[in-house]
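Encoded as structure tokens, the structure appears first; notes follow it.
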Amino acid sequence: MTTPPSTVRTTRLLVLLNALLWFLFGIITAAGVHPSFREAGLLRWAMAGSAFLAAIVLAALADMLKRRPRIGCILTVALLAVMILASLLDDFGLADLLFVL
């Protein structure tokens, strides 16, 4: 078995970092600390659940990059493209620009 190139390892690290950020956002939202989602309601729990789901999917994709680079790369690029597209279709601001970059 050959070792994956350094670009795959770097991509895995960045995808895992992205998963960690989504997980932390989910915790902050679920705890009611986020200023936009302080009130306990369906929107707050939907946002927290979506963030946890995004973290799980990103972590699974990072694991796929380790095991099967070809399909893992295709799925990872597809998911990140969808996330960037969703960011562009939202109100575009500085945080969105930093996410896209």
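The values are calculated or read from the model by the stated rules, or taken from the named source; none is laboratory data. What you see is a predicted model; the values in this text were computed from it and never measured. Here the Cβ is made from the backbone with ideal geometry for all residues, glycine too, and neighbour counts use every protein chain on show. To get the accessible areas, we keep the full protein, side chains included, count just its heavy atoms, and leave off ligands, DNA and RNA. Shrake-Rupley method; radii C 1.70, N 1.55, O 1.52, S 1.80 Å.
Taking the 0 to 90 degree range and rounding to the nearest ten, how far is the long axis of helix 69-89 tilted relative to the main principal axis of the chain, both from C-alpha atoms?
30
Report relative contact order for the chain in percent, whole number only (criteria: Cα-Cα under 8 Å, sequence separation at least 6). Present the calculation step by step, with values, prior to reporting the outcome.
On the way: 77 pairs, mean separation 27.1, N = 101.
Answer for the chain is 27 percent.
Kindly express, to the nearest 10 degrees and within the range 0 to 90, the angle between helix 6-30's C-alpha long axis and the longest C-alpha principal axis of the chain.
Compared with the principal axis, the helix lies near 20 degrees.
Note the angle between two axes, namely the Cα long axis of helix 42-67 and the longest principal axis of the Cα atoms of the chain, as a number of degrees from 0 to 90, rounded to the nearest 10.
On a 0 to 90 degree scale, this one is about 10.
Please report, in debye to the nearest 20, how large the charge dipole of the range 30-82 is about its Cα centre when each Lys and Arg carries +1 at its beta carbon and each Asp and Glu carries -1 there. Don't skip to the answer; put the middle values down first.
Details: 6 positive and 2 negative charges, 51 e Å.
That gives the range 30-82 a dipole magnitude of about 240 debye.
Provide Rg and Dmax in Å for the chain, with only Cα atoms included in the calculation.
Values for the chain (Cα only, Rg and Dmax): 15.3, 52 Å.
Counting only heavy atoms of protein chains, what accessible area per residue, in Å², does the chain have with a probe of 1.4 Å?
Per-residue value: 72 Å².
Could you rank the peptides 52-63, 5-16, 90-101 by their average count of other C-beta atoms within 10 Å per residue, with the highest value first?
Peptide ranking by packing, descending: 52-63, 5-16, 90-101.
How do the peptides 37-50, 17-30 rank, highest first, by the average count of neighbouring beta carbon atoms within 10 Å per residue?
Details: 37-50: 13.1, 17-30: 17.1.
Going from most to least packed, we get 17-30, 37-50.
Which percent of the accessible heavy-atom area of the chain goes to carbon and sulfur, probe 1.4 angstrom?
73
With runs of 4+ DSSP H residues as the only contributors, calculate the mean residue ellipticity of the chain at 222 nm using -39,500 (n - 2.57) per run, divided by the residue total and rounded to the nearest 500.
-27000 deg cm²/dmol
Could you check the spin-label model distance between residue 63 and residue 89? Points 7 Å from the Cα along Cα→Cβ, value in nm.
Going from the residue 63 label point to the residue 89 one covers 2.9 nm.
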